[in-house]
Structures are given as C-alpha cells and as structure tokens.
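Q: Below you'll find the structure I mean.
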Amino acid sequence: MNQHQTADITQAVINRLADDADPRLKQIITTVVKHAHAAVRELDLKPEEWMAAIQFLTKTGQTCDEKRQEFIILSDTLGISMLVVQLDQARRSQRALADKTATVPATEATVQGPFYWEGAPVLPLGSDIGKGMPGEPTYYSGRVTDTHGRPLAACCVDVWSGDGEGVYDMQMGGDAGMRLRARFHTDAEGRYRFWSIKPTYYPVPDDGPVGEMLRAMGRHPNRPGHIHAMVYKEGYVSVTTHLFPSDSPFLDSDAVFGVRDTLILPFEKHAPGTAPDGRKMDQAWHSAEYDFALAPA
Ligand code: BEZ
Ligand code: FE
C-alpha cells in the first residue's frame, strides 16, 4: 500500500464522524485518530506489536476493581495525569494569573492518584489521624489564604496518606476502613492543624501490567514520601496537591512526575517534649508547616 492509500484511511475514519456529533467529541476523535495513525506509520507498526498493545490494555482493564485502578496508574506513570492537571489548573486560574495585584501564588496542583476516598470523616482541628499506625508522629499546621493573603475561614482541607511504611488503608488487608485520612475545616483565621505520621516513599502498585511496563522500560516504581491534600471552598479554585518532606528519596525521579519544588518542605525533627498544641510527646516527633493559597474561581 502506498503513502496515498494509507493517508486515505486516516481521512476516511475522520470523515465517518456524523455532522451532528458533539463538536468537542469530534475534535477529540479527529486529533486522537490523526496522532494514533501517525504513530503507527512512523513506527511501521507490526501486527504482533499491535496485538501485544491490545493484550496489555486488556490486562490493564482486567486488573481494575473497586480498590485498584490500573488505568490511573498507567496514565500517571506516562505523565499524562500530571499534564492534564497542569493544563486544568492554568485554565481555571486564568483570572488569578491575570491579576497583577495578587501577592501570593496559588498552591500548585499535582496528581490525585488512585487512593482518594470520598467522604473521609470531618474531625476537629488538632485531631490525630495517625494514632496506632506505623510511622513517626508529625504535627501539620498552616493557613489557607486567597491569592491576596487574606485568610479563608471554613475552608475544607481533606488529607490522606499511606502509613509510615507507605501503605494506604485501601491496600490494608481485610476491612481496615478509613485510616490516615480526614477532613478539617479552617478556623476564623484560616488556620488548620492536625497530627498524622511522616509519610515515606513507596512504590506505585507494581504487581500488574503497569509494573511490567515499568520494568521493561528500566524504570523504578517509587514515589517520594508525600501527604495528599484537597483544599476547597465555594468561590475559589480548589486544589488537589501533595506536601513532600525535603529529605525524601526519589524527589527527583517520582514515578508519576508529580513533584513541584513549591510543594517540598522541611519536616523538622524534635526531641521528646511538649508540642505546639501542648501535647506531651514521649518520643521524637516532626512538624510540617505549610500555607495553601486558593485562586478566586
Ligand atoms: C499516590 O500518590 O497515591 C499515587 C499516585 C499515582 C499512582 C499511584 C499512587
Ligand atoms: Fe500517594
């Protein structure tokens, strides 16, 4: 088949879209078909290679259940999730980006990952969500403001992390239920505070097809330690992000490309004694202070 005939196939698929199909769908299909066909041509893709790709995607689907989302892990490890997050934040924050009087940059977003669990308990400020879990106790505190530095009261800070060994509640055996996750509401000065553990690095689930793909590419599956936070209040652009301890391994080779310099912070280590909230600590503990800023919607 010559170049002209193969080019016809691409146009034929695009022409087959109905005139009255949804315009955005038409745009997406047209672009995806053009790029996918161009890749097949550029690679001179062999039938057995295309079949291997189909088998890989089939296995990816078969690995999904209500607690495991292999397609998210695939999207994350190929950098697509992070690209979509960055484009989305830029699009939704255009007003704040154009506002020359803004004094505080909006907190950078990063990937949500597959371990978000909607409906975490709403707990009083200062609660300990890491009690009884492996890991070094850490006192988290800070403020939520707008991009002019004005405090945002009654703002929801929804946090989740793995334990001190990098294991999320969803990965714990049996019916562990929700652990190491909660929602907090900021006080009148926009402040939040809670206790949890210092998060450690961990591998993205790598016992499925995405793990095989990473090994074939010669890549490690690890993410640097992080605690997730989704911060939202009506009238503001919500942000889904992480906080990374600055001494974590893998900060410069995150398996999902989610690290941003502005999200790396020191987790200060303290000897046993009295914590800022008056809690008596009989073991060493850490403190992590971070201020979030939300752009107007
Ligand atoms: C996470 O941070 O929880 C995560 C993100 C992407 C893939 C797997 C886990
Ligand atoms: Fe995570």
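Q: How many of the residues in segment 148-162 are away from ligand 1 (no atom under 16 Å from the Cβ), touching a Ser or Thr at 6+ places or on another chain (Cβ under 7 Å) and either among the hydroxyl-bearing types (Ser, Thr, Tyr) or not in a strand (DSSP E or B) (or both)?
A: 6
Q: Moving on to the next point. Would you mind telling me which numbered condition in (1) in contact with a Pro (Cβ under 9 Å, 6 or more places away or on another chain); (2) in a loop (DSSP other than H, G, I, E, B); (3) within 16 Å of ligand 1 (Cβ to nearest atom) residue 130 fails?
A: Single failed check for residue 130: (3).
Q: Out of the helices (runs of 4 or more DSSP H) lying entirely within segment 4-87, which hold 2 or more residues that are more than 29 Å from residue 221 (Cα to Cα)?
A: The helices (runs of 4 or more DSSP H) meeting that bar are 23-43.
Matching residues to (1) among the β-branched types (Val, Ile, Thr); (2) outside any loop (DSSP other than H, G, I, E, B):
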| site | (1), (2) |
| --- | --- |
| 164 | no, no |
| 175 | no, no |
| 179 | no, no |
| 195 | no, yes |
| 206 | no, no |
| 212 | no, yes |
| 241 | yes, yes |
| 244 | no, yes |
| 249 | no, no |
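Q: Could you check segment 69-96 and list, in sequence order, the residues that are in contact (Cβ under 8 Å) with a residue 12 or more places away in the chain and either within 15 Å of ligand 2 (Cβ to nearest atom) or in contact with a helix residue (DSSP H, G or I) (Cβ under 9 Å, 6 or more places away or on another chain) (or both)?
A: 69, 70, 72, 73, 74, 76, 77, 81, 82, 85
Q: Restricting attention to segment 221-260, which residues are within 16 Å of ligand 2 (Cβ to nearest atom) and surrounded by fewer than 15 Cβ atoms within 10 Å (Cβ to Cβ)?
A: 249, 253, listed by residue number.
Q: Restricting to segment 49-68, name every residue that is away from ligand 1 (no atom under 16 Å from the Cβ), free of Cβ contacts under 8 Å to residues at least 40 places away in the same chain, open to solvent by less than 90 Å² (accessible area, probe 1.4 Å) and not acidic (Asp, Glu).
A: Across segment 49-68, the qualifying residues are 52, 53, 54, 57, 58, 61.
Q: Can we say residue 127 is of a type in the set (Gly, Ala, Ser), open to solvent by less than 30 Å² (accessible area, probe 1.4 Å), under 24 Å from residue 275 (Cβ atoms) and over 17 Å from the mean Cα position of the chain (by Cα)?
A: yes
Q: Going through 250, 184 one at a time, which residue ends up being farther than 20 Å from residue 123 by Cα, hydrophobic (A, V, I, L, M, F, W, C) and touching a residue at least 12 places away in the same chain (Cβ under 8 Å)?
A: Checking each option against the conditions leaves just 250.
Q: Can you tell me which of (1) open to solvent by 90 Å² or more (accessible area, probe 1.4 Å); (2) within 30 Å of residue 177 (Cα to Cα); (3) not hydroxyl-bearing (Ser, Thr, Tyr) is the one residue 46 doesn't meet?
A: (2)
Q: Also, quick follow-up: Quickly run through segment 166-178 and pick out the residues that are within 14 Å of ligand 1 (Cβ to nearest atom) and open to solvent by 40 Å² or more (accessible area, probe 1.4 Å).
A: Passing the criteria: 167, 171.
Q: Something else about it: Taking segment 101-131 as the search range and keeping residues that are β-branched (Val, Ile, Thr) and away from ligand 2 (no atom under 16 Å from the Cβ), which one is farthest from residue 230 (Cα to Cα)?
A: Filtering first and then ranking leaves 101.
Q: If you take the residues of segment 183-220 that are away from ligand 2 (no atom under 16 Å from the Cβ) and among the aliphatic types (A, V, I, L, M), which of them is nearest to residue 141 (Cα to Cα)?
A: 188
Q: Another question about this same structure. What number of residues within segment 221-256 satisfy the criterion of being acidic (Asp, Glu) and farther than 25 Å from residue 138 by Cα?
A: Qualifying residue count for the region: 1.
The values are calculated or read from the model by the stated rules, or taken from the named source; none is laboratory data. Treat the numbers as computed from the prediction; the structure is a model and nothing was measured. Quick reminder, even Gly has a Cβ in these numbers, built from the backbone with ideal geometry, and neighbours come from all protein chains shown. With ligands, DNA and RNA removed, areas are computed over all heavy atoms of the protein, side chains included. Shrake-Rupley method; radii C 1.70, N 1.55, O 1.52, S 1.80 Å.
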